[in-house]
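Structure record follows, encoded as structure tokens.
The values are calculated or read from the model by the stated rules, or taken from the named source; none is laboratory data. Computed from a predicted structure; not experimentally measured. All Cβ positions, glycine included, derive from the backbone under ideal geometry; neighbour counts span all protein chains shown. The area values use the complete protein model at the heavy-atom level, side chains included, leaving out ligands, DNA and RNA. Shrake-Rupley method; radii C 1.70, N 1.55, O 1.52, S 1.80 Å.
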Amino acid sequence: MALLLIAEHEKDTLSPATLATLTAAKEFSVPIHVVVMGSSVKKVADDAASHEGVEKVWCVEDPALSYPIAEQMTKTLVELGKSYEFILAPSTTFGKNLLPRIAALLGVAQLSDVIKIDDNKTFVRPIYAGNVLATVRSDDPIKVMTIRPTAFDRAAPGASKASIEAYAFKKPEQPTATFVKLEQSKSTRPELTSASIIVSGGRGLQNKENFTLIEQLADKLGAAIGASRAAVDAGFVPNDYQVGQTGKVVAPSLYIAIGISGAIQHLAGMKDSKVIVAINKDPDAPIFQLADYGLVGDLFTLVPELISKIGK
Amino acid sequence: MKVLVAVKRLVDYSVKVRVKADHSGVDLAGVKMSLNPFDEIAVEEAVRLKEKGSATEIVVVTIGDKSCQDSLRTALALGADRAIHIETSLETQPLGVAQALKALVERESPELVILGKQAIDDDCNQTGQMLSALLGWPQGTFISKLTVKNKEIEVIREVDGGLETLQMPLPAVLTTDLRLNEPRYATLPNIMKAKQKPLEILTAEALGVDLSPHLKTLSVSEPPGRKAGIKVETVDQLIDKLRNEAKVI
């Protein structure tokens with residue numbers, strides 16, 4: 001029996017989250033097959049095949065797959081997936097949107113956000129916004145799970161050259177959603193989930209104009225920008241900046257939280273960061289309970305001072 | 001258009017749960033319970049569809065023990081027309097719930113099913129996607145905007161890369177994200193009126209579904225806590241610590 005990894009890709013390579021999922025896949029000690037789907041994915045398949053531990057790459061190509069619509073991908077993946085013992089995907093909006101469908105049609109449970117593999121049927125996953133870790137056993141014949149990318153290192157390309165085989169696209173019989181457009185936030189800064197430094201702003205910034213303080217500090221540090229739910233709800237920044245239980249989960253080497261009080265839902269998304277800095281005027285803000293370095297005071301004087309001094 | 005909304009009763013979002021001493025589960029004794037916040041958004045969206053004239057009837061459903069009827073009454077007070085309680089004492093897991101909802105959809109024939117994108121207790125984020133696949137209906141997950149256009153809908157989804165717009169025919173399954181709407185508060189007269197609205201009780205057996213859990217929780221634990229940090233007095237001190245102690249800049 002083998003493991004099937006459903007690849008998420010961006011342009012011509014596997015996504016960083018898929019590389020982390022590959023590292024998790026290696027812990028099962030079974031052959032790893034990667035399936036790559038798209039309208040033209042030869043280069044992605046080559047990238048997947050170059051990673052150590054990958055034995056085979058399935059290449060599914062069809063014009064209907066030019067944009068990843070879950071209903072378009074489901075039938076093919078259920079057909080392919082039923083001969084595997086494990087099916088993995090990264091716990092990104094891509095994986096979360098797709099994988100429960102495969103599990104349901106295979107008649108098995110899905111595990112979400114696995115952070116540790118104890119053995120081939122026992123897994124650890126966070127519940128209650130990461131305030132509790134559950135050790136869960138699955139006795140289903142096929143174990144289907146999404147992997148939390150921050151819990152595993154990204155696999156590096158190796159010398160191995162896996163075989164690449166075409167697998168026929170199975171067109172769905174029922175109506176599907178169709179893609180209209182994707183509005184991406186344009187940014188030259190590092191991507192939030194893979195950045196080594198993140199500067200994050202919250203309600204304390206008060207308005208969109210003041211959020212430029214976060215941007216200036218981020219640019220000084222070569223950092224990505226994050227935000228609390230409050231800052232996104234208030235329209236200071238777009239939705240894809242949100243860090244937390246329902247946004248992105250990040251684990252950079254340095255996380256600087258500015259004007260963020262630290263609701264448990266926000267902490268759920270950043271508490272595995274290596275070093276946490278909090279700047280907040282309220283000395284009792286919960287964020288200080290897990291910050292390695294806390295600075296109490298007015299962010300409108302402290303952050304400009306930090307910007308002027310930190311690059312020197 | 002008839003709309004079915006699925007809801008779950010769970011620990012209130014403001015409660016910091018504790019693990020039981022024997023690590024068998026989470027201590028729920030005396031803890032405040034509420035409607036899952038994402039499901040409240042789902043109910044609100046259905047009510048707004050009805051207010052705009054797009055929806056004709058809102059049916060709200062939950063699966064669980066008798067205490068779950070609280071959450072149905074809350075949904076009725078917010079504007080749902082009638083409620084269905086699928087009663088079970090088993091631990092509910094997404095696959096069983098999706099199978100039960102599929103059976104209910106076949107009985108009720110709604111044109112739209114709205115669910116919260118995830119329950120904030122088990123954080124699974126699966127049931128809507130599973131239901132869509134089992135029904136063979138299109139899905140719009142994690143939506144922050146819904147527009148109904150005759151027999152078609154357009155949704156905006158919150159995805160990792162930004163905002164994605166999809167179009168799909170009805171019937172369809174949708175799951176809500178936080179920014180879809182801001183739920184109203186139930187008024188006292190509406191809470192009183194909700195007590196008179198119909199609430200039907202069904203069993204999983206009557207629907208022909210097996211709710212037995214597939215996953216077994218062996219133990220739960222609290223994650224390793226972070227060491228309490230220090231407070232620094234000045235920006236200079238902070239920079240010094242980050243450079244020379246933590247060595248992260």
*Taking a quarter of the surface of the Cα convex hull of the range B:1-104, what do you get in nm²?*
7.3 nm²
_Diffusion constant of the range B:124-205 at 4 °C, which comes from Stokes-Einstein with the Kirkwood Cα-pair radius and 1.567 mPa s, µm²/s_ = 85 µm²/s
*Run down the lysines and flag those whose C-alpha is under 18 Å from the C-alpha of residue B:32, throwing out any fewer than 8 positions away in its chain.*
B:8, B:16, B:20, B:66
_Taking 2.2 N^0.38 Å as the expected size of a compact globular protein, what ratio does the Cα radius of gyration of the protein assembly as shown give against it, to two decimals?_
0.96
_For the range A:16-63, compute the orientation-averaged projected area of the C-alpha convex hull (one quarter of its surface), in nm²._
3.2 nm²
*Spin-label pair residue B:108/residue A:118, simplified geometry with 7 Å Cα→Cβ offset, distance in nm*: 3.7 nm
*asked:* On the Cα set of the range B:108-249, report Rg and Dmax in Å, please.
replied: 23.4, 69
_Hull-based mean projected area of the range B:195-249, where the convex hull spans the alpha carbons, in square nanometres_ = 11.3 nm²
*asked:* What does the structure give for A:120-133 when I average, per residue, the other chain Cβ atoms found within 10 Å of the residue Cβ?
replied: 5
*For the range A:3-166, what is the convex hull volume of the alpha-carbon atoms per residue, in Å³?*
101 Å³
_Acute angle (nearest 10 degrees) that the helix A:93-106 long axis makes with the longest principal axis of chain A, alpha-carbon atoms_ = 40 degrees
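Peptide A:1-13: average number of partner chain Cβ atoms within 10 Å per residue? Walk me through the numbers on the way to the answer.
Numbers: counts 0, 0, 0, 0, 0, 0, 0, 1, 0, 1, 0, 0, 0.
Across A:1-13, the average partner-chain Cβ count within 10 Å equals 0.
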_Per-peptide average of other Cβ atoms within 10 Å, ordering A:233-240, B:51-58 highest first_ = A:233-240, B:51-58
*Considering only DSSP beta bridges where both residues belong to chain B, give the percentage that are antiparallel (nearest 5).*
40 percent
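Show B:97, B:17 ordered by accessible area, largest first, where the area counts protein heavy atoms only and the probe is 1.4 Å.
Order by accessible area, largest first: B:97, B:17.
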*Share antiparallel - DSSP beta bridges, the protein assembly as shown, percent rounded to 5*: 35 percent
*Mind computing the radius of gyration and Dmax over the alpha-carbon atoms of the range B:2-222? Å is fine for both.*
17.0, 55
*What FRET efficiency, computed as 1/(1 + (r/R0)^6) with R0 = 45 Å and r the Cβ-Cβ distance, is obtained for residue A:137 and residue A:66, rounded to the nearest 0.05?*
0.70
*Based on the alpha carbon coordinates of the range A:187-312, what radius of gyration and maximum Cα-Cα distance (Dmax) apply, in Å?*
12.6, 37
*Specify the angular offset, from 0 to 90 degrees and rounded to the nearest 10, of the alpha carbon long axis of helix B:69-78 from the longest principal axis of the alpha carbons in chain B.*
80 degrees
*Please report, largest first and rounded to whole Å, the three semi-axes of the ellipsoid equivalent to chain A, where each semi-axis is the square root of five times an eigenvalue of the C-alpha gyration tensor.*
38, 21, 18
*Would you calculate the separation in nanometres between label points at residue A:281 and residue A:183, each defined as 7 Å from the Cα along the Cα-to-beta-carbon direction?*
3.1 nm
*Against the longest principal axis of chain B, how steep is helix B:37-51, in degrees 0 to 90 to the nearest 10, with axes from Cα atoms?*
40 degrees
_Partner chain coverage, peptide A:223-235 - average Cβ within 10 angstrom_ = 1
